[in-house]
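The numbers here are math on the coordinates, done by the rules we state, and not lab data. Keep in mind it's a predicted model, so treat the numbers as computed, not measured. Glycine also receives a Cβ, built like all others from the backbone with ideal geometry; neighbour counts cover every protein chain displayed.
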């Protein structure tokens, strides 16, 4: 029997739980001294598929000045409004649970849920996420975009391991299902 693919969150947050300032800035993150790319390249090699919300996709494309950063990976952007697919991205506006279940059954490596908060909230609430790798920066930003939205759901986790990258601490959890 083949191994089912996992949906994995890999993200950084401030110590107080924010992934960006209220102005969508990550400047606070880049002020922290890490080691190399803080495990990003190692993680990136374990995935062949990327899931991303439309708002986060638009932000990434603006930051990267139109250069898509996840080439050679299958990338699906969840959008409430129809958008035309590009050579690097397929836009999805369908049932998330059915889409994710079908994707997990396909041959391949793990699936990275990049963000943002809305799409992650839905994936967590629907129990679609299998692992969380959260890197915590020693910064308190006070307000901004939270990693986890408030809501009527609970996700129980088991710690797989921790690593440090100079000032960053990576927490790796599996989701108890």
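Take 114-121, 98-105 and order them by the average number of nearby Cβ atoms within 10 Å per residue, most first; the result is 114-121, 98-105. Listed by Cβ neighbour count within 10 Å, with the fewest neighbours leading, 30, 10, 44 appear as 30, 44, 10.
As a rough footprinting exposure proxy, the listed residues 3, 73 were ranked by other beta carbons within 10 Å of their own, and the order from fewest upward is 3, 73. Rounded to the nearest 0.05, the FRET efficiency derived from the C-beta distance between residue 83 and residue 15 at R0 = 35 Å is 0.50.
Peptides 79-89, 45-55 ordered by packing proxy, namely the average of other Cβ atoms within 10 Å per residue, highest first: 45-55, 79-89. For the chain, dividing the convex hull volume of the Cα atoms by the residue count gives 132 Å³ per residue.
Once the Cα-Cα distance is subtracted from the 0.36 nm per residue extended length, the residue 41 to residue 63 segment shows a gain of 6.0 nm.
When each of 76, 153 is scored by the number of other beta-carbon atoms lying within 10 Å, the sequence from fewest to most is 153, 76.
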